[in-house]
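Undergrad: What follows is a single structure, and I will ask about it in a moment.
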Amino acid sequence: MEFIAYFGNVFEPTAFLLLLGGTIGGLILGATPGLSPTMAVALLIPFTFQMTAAHGLILLGAAYTSTVAGGAVSAVLLKIPGAPANVATSLDGYEMAKRGEGARALHLSFLSSGVGGVLGVLLLIFLTPLLSRWALAFGPSHLFWLAILGVTVIGSLDSRSFVKGLLSGCLGLWLAMIGYDDIQGAQRFIFTDSLAGGINFIAAMLGIFAVPQVLDMFAKGRSTAAVVSIKVSPQSVGDSMREIGRSGRALSIGTVIGVIVGLIPGVGGQIAGLVAYDQTRKMSPHRRKFGTGHSEGVIAAEAANNAMVGPSLVPLLTLSIPGSPTAAVLLGGLLIHGIFPGSDLFDNHPDVAWTFINSMLIGQIMMVIFGIMIASWAAKIARAPQPVMAAAVVILAIFGTYSVQQSMDDVLIMLVLGVGMYFFEKFGFSAAPLVLGLILGPIAEANFIQGAMIAEAGDGALPYFFGGVMNLFLIVLIVASVGYSFWSNVVHARDRTEAPRPDNPIEVTP
Amino acid sequence: MNARTTLLSLAAGAMLAWPVAAVAQDYPDRPVSVMVSYGAGGATDFQARVVTMVSGEEDYLGQSMVIVNKPGAGGRVGWNWFVRQAPADGYTLAVYNMPHFLAQAVEGGVQFDIDSFEPIANWGADPAVVIVGKDSPFNTIEEFVTYAKENPGKLTVSGAGLFVGHHIALLQMEQAADIDLAYIPSQGGGSAAMTAVIAGNVMAGINNLSDAYRGMKAGDIKVLAVADLERSAEFMPDVPTLMERGIDVDDTSVNFRGLMAPKGTPPEVIEVLAEKVPAMFNEPRVAEQLKAGGAEVRVMGRDEVREMWDASRGELEKVLEGL
Amino acid sequence: MTTTTTANRMQHLVPASAVLALAAGVTFLSFTQEPAEAFLFPRVIAVAMLVLAVWNFARAALGLARVGSGVSLRPFLNILPGLAVVVALIFAGLTLLGFYAASFLGFLAIYTIYDPVPLTHGGGWLRRIAVSAAFMMVIYALFARLLQVQTPQGLLF
């Protein structure tokens, strides 16, 4: 209970102002397309040079917390995931916003972010020593199987066509291999100079989500029908809170998955949302409603995203190992103040460590309050006429993509992938498995190669990849996941293919 | 040449022709981009952000420096981009990591070499160190070498990637001590390689002194030796150099970091940079914060860096010859 | 009136063949390129992709592919002018004119093309220009001022 003694530090005037600034700034940065939490925190590091260690970390902690949640804003309202973590949020969130329920979707996403986030930080406070051992339990063979487990999720992530879902996933895996191979340094599938740098993940993500949606707006043409604005229904905070209260299943699945995935170094929060979304869908009685604007999808994804924030810092704070890119940036923020994270951090600098963690706890609550304040206002964006929306999304996607690496090649890749995705989507291929393939490809490959190298120096590949309780447990999970997908998608395919879901309706003008 | 390339080069030409003329007198009159060929959060990125933080002050450039990350393939992606596409107007600079970029140039398969860049100044040096987990049976570098001799190819050693400082140090050790190690390059840079050592996925590792210093203080790892000419008096005075212990490894693998410009940058601009940038690196606030992070400050001017590059290239050719 | 259609068999064959050709090409490259060890993982993925692409092609050929609405002519034609603006922007406009000037023109062009208000209506033009300018100011404040992103300067801005 030591941490309670340090709550006072968070509420002294300067600290609290920084917390407020970090939260509001974080929400704005998070909502900016292309600006991931990692980049947002890296941008803020120079501002902390002149501050005391505790103040600097309050700013960084608050910003980290709220950029992760802020990404939901553009994911829901524009279908541009603000950061990789928000991909799953956009799947149902944008459908809700299209119905005029943007405020509801945002309320739910901020509230579930808050619940997941607070639980995640509490876990960080109480169970850190225990969890740090868990974070180290994953060797290359386990991470490889874990990535494969993620790949099998790909098949079921797309509820419409099993084979096309898997195929989209494979396309993603292949796209991830373009460019220089990180370990061997060999050039792979570089057909033009523009691809020499590989496919930047954020460029790909903006392309395959934002561009098809813009083209869909273009497709409606110059009709007055397209301009008739959506009625944006007001949403009371009380209703949203009651709805969250009723959604215990999505909330708990999201939080648990966010915590577990967040702890594993190198896998990070990028897939937490998608995995949680998929698991919630599998366990929900309203399985078919997912993807059509079902609130459970938003709740699970956002709870997972923010639940992973606290645990993802466990390896950093206890072992000085940054488990995620954002944690690596935060490590820099600690180092410039001469604070070395490690097992003795809480003994040597309890004031800084606890103030930092407390600021994330309070930051979560601030984030919910400010998030809800902007939600009803921001949801009115849906009322903008379609031509304005289309133009705005195009420009935002271009600037967002360009700003990641200041590269025109990325903008080009974004456009090409986006236009391709638009046409493939019209034939039942889908974006979510492709994104998952893009994320998991490098993780699976690097760990496979490393594992193979270690195994070669040791007892050989068979015992290395198939020996031990954890490997076997993961393999069993993979078999179960494939079996489930196969059973529900192929054996029971008949009733599904005969009633295609109207997700991409195109107007047929007589 | 296809139509697109032509168009782009036309566009680029139009873009360059205009501002360059105005550059000479009042450079810089807008913020300067600094490309880091590693991801945000790595040691290079972090140090680059620290050393450029005072750039906006009147005593130095009077314009801020903005970090742009272009990570991939141990730095090749970023430096390839820099030599091919960066405008040579002084508004786009890059961080070099020695010996990484030279080793990659010697090894081949990249579009840059020693002559593609104009050095500006060096800010720091980070030697490679040999580390093992805290429960490892190895307590000295001799025990490590003895084990490697008895079990050729069985001693797994992690490092940040192929043809980076860590890999060079390992190759030098293999040659000098006549041993055969199993090098396991990691994908996530130095911190992933460190994780592999702490978690016991590999038996040993080669890592940055700055990162190992933290791990050593926290008691998670043991540092066996430093691959440099002298011990690090400041951070780990008790750790011997490889040379002291009879393994003839010099300072070729020491990771030098500094700023460089693309070839073709106007000489007046380089002059301005060569004068102001070392002064900026010498700023006490910068040195203090680098030191706090466990990084040794070693400021070198343009000519000194040029000499170091030349010397190092010859050495690297020797090391990489046998591969 | 919005109705949902399902693309016909011929239409489904187009993407199915495209993906099959891609999978075949990737497989070929993976097994022929050097160094072989760097293409180990691509081989695994390429084979999986090829098998799935054949399966998918067979389903399309047999008329079993029913998911997806397909593409019809009218919406496709509607897309073209907007897409042309985006392509012009990305391939030439941004670097030639400068990011902000080109984006302003691109925004205005897209808005004008898809705005049902007739082009002869003066007030319509006023609103379109005002909205485009206001939007670009927000973008400028966010990217150039707050985030300090360096964009190509171009001829204008």
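The values are calculated or read from the model by the stated rules, or taken from the named source; none is laboratory data. All values derive from a computational prediction rather than experimental measurement. All Cβ positions, glycine included, derive from the backbone under ideal geometry; neighbour counts span all protein chains shown.
Undergrad: Considering only region A:400-477, give the helices (runs of 4 or more DSSP H) lying wholly within it that have at least 3 residues that are touching a Pro at 6+ places or on another chain (Cβ under 9 Å), buried (at least 18 other Cβ atoms within 10 Å of the Cβ) and in contact (Cβ under 8 Å) with a residue 40 or more places away in the chain. Even if it seems obvious, please write down each step before you answer.
TA: Values: elements: A:408-425, A:431-457, A:461-466.
The qualifying helices (runs of 4 or more DSSP H) are A:408-425, A:431-457.
Undergrad: Would you say residue B:316 is buried (at least 17 other Cβ atoms within 10 Å of the Cβ), at pLDDT below 90 and out of contact with any strand residue (DSSP E or B) (no Cβ under 9 Å at 6 or more places or on another chain)?
TA: Numbers: buried (at least 17 other Cβ atoms within 10 Å of the Cβ): yes; at pLDDT below 90: yes; out of contact with any strand residue (DSSP E or B) (no Cβ under 9 Å at 6 or more places or on another chain): yes.
The answer is yes for residue B:316.
Undergrad: Restricting attention to region B:219-246, report how many residues are touching a Phe, Trp or Tyr at 6+ places or on another chain (Cβ under 7 Å) and within 13 Å of chain A (Cβ to nearest Cβ).
TA: Narrowing region B:219-246 to residues touching a Phe, Trp or Tyr at 6+ places or on another chain (Cβ under 7 Å): B:224, B:235-236.
Add one more test, that the residue is within 13 Å of chain A (Cβ to nearest Cβ), and what stays is B:235.
Total meeting the criteria: 1.
Undergrad: Can you name the residue in region B:143-158 that is among the β-branched types (Val, Ile, Thr) and in contact (Cβ under 8 Å) with a residue 12 or more places away in the chain and is also farthest from the other protein chains (Cβ to nearest Cβ) among such residues?
TA: Initial filter on region B:143-158 (among the β-branched types (Val, Ile, Thr)): B:145-146, B:156-157.
Narrowing further to those that are in contact (Cβ under 8 Å) with a residue 12 or more places away in the chain: B:145, B:156-157.
Values: B:145: 17, B:156: 5, B:157: 9 Å.
The residue in question is B:145.
Undergrad: For region B:36-63, enumerate the residues that are in a helix (DSSP H, G or I) and either of a type in the set (A, V, I, L, M) or in the same structural domain as residue B:189 (by TED's automatic domain parsing) (or both). Give the steps one after another, and end with the answer.
TA: Our first condition is that a residue be in a helix (DSSP H, G or I); within region B:36-63, this holds for B:43-51.
Of everything in region B:36-63, those that are in a helix (DSSP H, G or I) and either of a type in the set (A, V, I, L, M) or in the same structural domain as residue B:189 (by TED's automatic domain parsing) (or both) turn out to be B:43, B:48, B:50, B:51.
Undergrad: Continuing with this model, one more query. Taking the condition under 22 Å from the mean Cα position of the chain (by Cα) and either farther than 22 Å from residue A:473 by Cβ or not in a helix (DSSP H, G or I) (or both), does residue A:149 pass? Before you say what the answer is, go through the steps one by one.
TA: Numbers: under 22 Å from the mean Cα position of the chain (by Cα): yes; either farther than 22 Å from residue A:473 by Cβ or not in a helix (DSSP H, G or I) (or both): no.
Here the answer is no, as residue A:149 does not meet what is asked.
Undergrad: Could you list all residues from region B:113-129 that are in contact with a helix residue (DSSP H, G or I) (Cβ under 7 Å, 6 or more places away or on another chain) and surrounded by fewer than 20 Cβ atoms within 10 Å (Cβ to Cβ)?
TA: B:113, B:114, B:116
Undergrad: Would you confirm whether any residue within region A:353-366 is assigned to a helix (DSSP H, G or I) and within 14 Å of chain B (Cβ to nearest Cβ)? Step through it out loud before you land on a result.
TA: Taking region A:353-366 first, the residues assigned to a helix (DSSP H, G or I) are A:353-366.
Narrowing further to those that are within 14 Å of chain B (Cβ to nearest Cβ): A:353.
Checking region A:353-366: at least one residue is assigned to a helix (DSSP H, G or I) and within 14 Å of chain B (Cβ to nearest Cβ).
Undergrad: Shifting gears a bit: Just the residues that are assigned to a helix (DSSP H, G or I) and touching a strand residue (DSSP E or B) at 6+ places or on another chain (Cβ under 8 Å), please, taken from region B:102-139. Working first, answer last.
TA: Step one: of region B:102-139, the residues assigned to a helix (DSSP H, G or I) are B:102-107, B:114-116.
Within region B:102-139, just B:116 meets the criteria.
Undergrad: Against the condition under 29 Å from residue A:58 (Cα atoms), in contact (Cβ under 8 Å) with a residue 12 or more places away in the chain and within 14 Å of chain B (Cβ to nearest Cβ), how does residue A:378 come out, does it pass?
TA: Values: under 29 Å from residue A:58 (Cα atoms): yes; in contact (Cβ under 8 Å) with a residue 12 or more places away in the chain: yes; within 14 Å of chain B (Cβ to nearest Cβ): no.
When the stated conditions are applied, residue A:378 does not pass them.
Undergrad: Restricting to region B:247-291, and then to whatever is over 30 Å from residue B:87 (Cβ atoms), under 19 Å from the mean Cα position of the chain (by Cα) and not basic (Lys, Arg), can you tell me which residue is modelled with the lowest pLDDT?
TA: Here the answer is B:289.
Undergrad: Suppose the filter is at the interface with another protein chain (Cβ under 7 Å from one of its Cβ atoms) and either in contact with a Gly (Cβ under 6 Å, 6 or more places away or on another chain) or assigned to a helix (DSSP H, G or I) (or both); does residue C:76 pass it? Talk me through it step by step, then tell me what you get.
TA: Details: at the interface with another protein chain (Cβ under 7 Å from one of its Cβ atoms): no; either in contact with a Gly (Cβ under 6 Å, 6 or more places away or on another chain) or assigned to a helix (DSSP H, G or I) (or both): yes.
No, not satisfied.
Undergrad: Got a sec? Which of C:64, C:40 is facing chain A (nearest Cβ under 9 Å), over 26 Å from the mean Cα position of the chain (by Cα) and assigned to a loop (DSSP other than H, G, I, E, B)?
TA: On the way: C:40 fails: assigned to a loop (DSSP other than H, G, I, E, B).
Only one candidate qualifies: C:64.
Undergrad: Say whether the condition of being within 14 Å of chain A (Cβ to nearest Cβ) and surrounded by 24 or more Cβ atoms within 10 Å (Cβ to Cβ) is met by at least one residue in region B:133-142. Explain how you work it out, then say what you get.
TA: Within region B:133-142, the subset within 14 Å of chain A (Cβ to nearest Cβ) is B:133-135.
Filter once more, so that each one left must be surrounded by 24 or more Cβ atoms within 10 Å (Cβ to Cβ): none.
No, the conditions are met nowhere in region B:133-142.
Undergrad: Just to be sure I understand, how many residues within region C:95-105 are under 15 Å from residue A:396 (Cα atoms) and more than 7 Å from every other protein chain (Cβ to nearest Cβ)? Full working, then the answer.
TA: Filtering region C:95-105 down to residues under 15 Å from residue A:396 (Cα atoms) leaves C:99-105.
Next, only the ones that are more than 7 Å from every other protein chain (Cβ to nearest Cβ) stay: C:99-102, C:104-105.
Residues in region C:95-105 being under 15 Å from residue A:396 (Cα atoms) and more than 7 Å from every other protein chain (Cβ to nearest Cβ): 6 in total.
Undergrad: Answer yes or no: is there a residue in region A:96-107 that is hydrophobic (A, V, I, L, M, F, W, C), in contact (Cβ under 8 Å) with a residue 24 or more places away in the chain and outside any helix (DSSP H, G or I).
TA: No, region A:96-107 has no match at all.
Undergrad: Residues in region A:41-54 that are surrounded by 24 or more Cβ atoms within 10 Å (Cβ to Cβ) and facing chain B (nearest Cβ under 10 Å): how many? If you could, list the steps in order and put the result at the bottom.
TA: Initial filter on region A:41-54 (surrounded by 24 or more Cβ atoms within 10 Å (Cβ to Cβ)): A:41-42, A:45, A:54.
Applying the additional criterion that residues be facing chain B (nearest Cβ under 10 Å) yields A:41-42, A:45.
Looking only at that region, the number is 3.
Undergrad: Here are A:179, A:198: which of them is surrounded by fewer than 23 Cβ atoms within 10 Å (Cβ to Cβ), under 26 Å from the mean Cα position of the chain (by Cα) and within 11 Å of chain B (Cβ to nearest Cβ)?
TA: Exactly one residue qualifies, and that residue is A:179.
Undergrad: Would you mind stating whether residue C:28 is more than 26 Å from residue A:418 (Cβ to Cβ) and either within 8 Å of chain A (Cβ to nearest Cβ) or in a helix (DSSP H, G or I) (or both)? Don't jump to the end; show me each part of the working.
TA: Working: more than 26 Å from residue A:418 (Cβ to Cβ): yes; either within 8 Å of chain A (Cβ to nearest Cβ) or in a helix (DSSP H, G or I) (or both): yes.
Criteria met by residue C:28.
Undergrad: Then there is this: When the residues of region B:159-198 are filtered to those that are in a loop (DSSP other than H, G, I, E, B) and in contact (Cβ under 8 Å) with a residue 60 or more places away in the chain, which remaining residue is farthest from residue B:77 (Cα to Cα)?
TA: Our first condition is that a residue be in a loop (DSSP other than H, G, I, E, B); within region B:159-198, this holds for B:160-164, B:178-181, B:186-188.
Okay, now just the ones that are also in contact (Cβ under 8 Å) with a residue 60 or more places away in the chain, so B:160-164.
Details: B:160: 16, B:161: 14, B:162: 14, B:163: 14, B:164: 14 Å.
Per the criteria, the residue is B:160.
Undergrad: Out of all the residues in region A:407-427, which are over 15 Å from residue A:397 (Cα atoms) and facing chain C (nearest Cβ under 7 Å)?
TA: A:423, A:424, A:426, A:427, listed by residue number.
Undergrad: Another question, then. Being crowded, with 23+ Cβ neighbours inside 10 Å and either farther than 23 Å from residue B:188 by Cβ or touching a Cys at 6+ places or on another chain (Cβ under 6 Å) (or both): is that true of residue A:96 here?
TA: Spelling it out, residue A:96 is indeed crowded, with 23+ Cβ neighbours inside 10 Å and either farther than 23 Å from residue B:188 by Cβ or touching a Cys at 6+ places or on another chain (Cβ under 6 Å) (or both).
Undergrad: Is it the case, given these coordinates, that residue C:45 is surrounded by 15 or more Cβ atoms within 10 Å (Cβ to Cβ), under 23 Å from the mean Cα position of the chain (by Cα) and of a type outside the set (Ser, Thr, Tyr)?
TA: no
Undergrad: Could I ask something else about it? Among what's in region B:170-217 and is more than 22 Å from the chain's Cα centre (by Cα) and farther than 30 Å from residue A:440 by Cβ, pick the residue that is nearest to the other protein chains (Cβ to nearest Cβ).
TA: Here the residue is B:217.
Undergrad: Could you tell me whether region B:51-68 includes any residue that is charged (D, E, K, R) and in contact with a helix residue (DSSP H, G or I) (Cβ under 7 Å, 6 or more places away or on another chain)? Steps first, please.
TA: Taking region B:51-68 as the starting set, the residues that turn out to be charged (D, E, K, R) are B:57-59.
Remaining after also requiring in contact with a helix residue (DSSP H, G or I) (Cβ under 7 Å, 6 or more places away or on another chain): none.
No.
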